[in-house]
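One structure is given here, and the rest of the page talks about it.
The values are calculated or read from the model by the stated rules, or taken from the named source; none is laboratory data. Bear in mind the structure is a predicted one, so any value in this text is a computation, not a measurement. Ideal geometry is used to build each Cβ from the backbone, glycine not excepted, and the neighbour counts take in all protein chains shown. Heads up: the accessible areas ignore ligands, DNA and RNA and are worked out on the full protein's heavy atoms, side chains in. Shrake-Rupley method; radii C 1.70, N 1.55, O 1.52, S 1.80 Å.
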Amino acid sequence: MAKRKTKRNSKRNTPRNSIIVVLLTLFIGFYLVEGGWQDWVDPNNSSFSATTTQTGAEAGRLRVIFLDVGQGASQLLISPSGKTMLIDAGNNDREQQMVDDLHAYGVKHLDIVIGTHPDADHIGGLDRVIDHFEVGDIYMPKIQANTKTYESLLRSIKNKGLKVKTAKAGVQLDWDEAVDAEMVAPVAASDDSNNMSAVVRVTYGSSSYLLTGDAERESEQAMLSAGRELQADVMLVGHHGSKSSTSPAFLKRVRPKYAVIQVGEDNSYGHPKQTILDRLAKQHVEVYRNDLQGNIEIASDGSKYYITTER
Ligand SMILES: [Zn+2]
């Protein structure tokens with residue numbers, strides 16, 4: 001039943017009754033003034049720019065924004081009460097864009113920052129973000145990298161006087177009392193950076209999200225064995241749609257309705273792999289992609305989803 005803009009589909013402005021037309025016009029005017037314009041975009045038009053005038057919390061909604069960072073990953077979460085969480089921040093070469101995007105979404109402070117794992121396409125922009133914004137808690141898994149990118153991040157963390165908390169399965173994030181946010185991976189230590197990815201499951205009312213970082217089959221298997229709840233209506237497709245992730249057993253357990261692939265145009269990895277797209281299609285999962293649609297927002301009021309894409 002959760003379909004984009006379903007909420008407004010019943011409110012078409014057909015001029016059958018002039019009083020209704022006038023009332024609707026006034027109501028729309030009020031919403032425009034109050035910044036609620038997002039709800040009043042033509043319900044038949046699935047895409048519009050969500051990056052320009054969004055500010056703070058939208059009453060009663062959890063917003064999960066899959067930021068278009070090219071070949072990399074980043075998710076911005078804004079809770080119903082306006083709390084913010086940033087999971088990853090894309091590559092170094094887009095870090096100013098990252099900061100600009102956060103400003104455009106009205107972010108002034110990040111309550112929680114998570115660097116899912118030390119790969120540059122996830123933590124590259126985090127140093128600049130941390131330099132730029134006040135940060136509450138920062139979480140990263142216990143795996144290091146000998147890269148300039150990683151060192152630069154550690155420097156920014158130190159300069160801000162932050163202490164890194166360990167990202168691992170079972171960690172409950174103290175974020176917004178209306179929203180449950182729990183890490184479901186990494187379950188076990190691994191030498192492989194991708195398989196150390198912090199995986200976060202977020203639930204709000206009856207809606208659920210699974211944000212998978214670059215977790216591959218090894219980690220997926222460990223999550224399945226650990227027995228935690230993994231079902232999620234909205235799933236970030238693991239490792240940019242690489243065939244190393246989204247194993248059939250994992251997909252079957254998560255049972256997503258919507259999947260987002262964070263991938264850059266013409267990337268040299270050939271992501272997303274056709275095998276994975278076929279696998280998602282076979283499960284009737286509705287797929288969204290940053291390379292095709294720009295920023296993708298999947299918000300929830302606790303029961304319905306509201307999906308908007310930049311293009
Ligand atoms: Zn990656």
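Looking across the stretch 217-272 at every residue that is within 14 Å of the ligand (Cβ to nearest atom) and hydrophobic (A, V, I, L, M, F, W, C), the one that is farthest from residue 309 (Cα to Cα) is identified as 237.
Scanning the stretch 67-87 for residues that are within 16 Å of the ligand (Cβ to nearest atom) and part of a loop (DSSP other than H, G, I, E, B) yields 67, 68, 69, 70, 71, 72, 73, 74.
Of note, residue 145 does not satisfy the criterion of being more than 16 Å from the ligand (Cβ to nearest atom) and either touching a residue at least 24 places away in the same chain (Cβ under 8 Å) or closer than 18 Å to residue 175 by Cβ (or both). Annotation note: of 119, 127, 111, the sole residue that is closer than 18 Å to residue 62 by Cα and either in contact with a Ser or Thr (Cβ under 7 Å, 6 or more places away or on another chain) or in contact (Cβ under 8 Å) with a residue 40 or more places away in the chain (or both) is 111. Residues of the stretch 273-293 that are assigned to a loop (DSSP other than H, G, I, E, B) and either more than 16 Å from the ligand (Cβ to nearest atom) or over 21 Å from the mean Cα position of the chain (by Cα) (or both): 283, 284, 285.
Scanning the stretch 71-114 for residues that are open to solvent by 10 Å² or more (accessible area, probe 1.4 Å) and over 16 Å from residue 129 (Cβ atoms) yields a total of 5. On the stretch given as the stretch 276-311, residues that are of a type in the set (Asp, Glu) and free of Cβ contacts under 8 Å to residues at least 24 places away in the same chain total 1. Scanning the stretch 255-311 for residues that are of a type in the set (Ser, Thr, Tyr) and either more than 16 Å from residue 62 (Cβ to Cβ) or open to solvent by 20 Å² or more (accessible area, probe 1.4 Å) (or both) yields 268, 269, 275, 288, 303, 309. Restricting 119, 93 to residues that are within 16 Å of the ligand (Cβ to nearest atom), at pLDDT 55 or above and over 23 Å from residue 310 (Cβ atoms) narrows the list to 119.
Screening 215, 181 for residues that are outside any loop (DSSP other than H, G, I, E, B), open to solvent by less than 10 Å² (accessible area, probe 1.4 Å) and in the same structural domain as residue 227 (by TED's automatic domain parsing) leaves exactly one candidate, 181.
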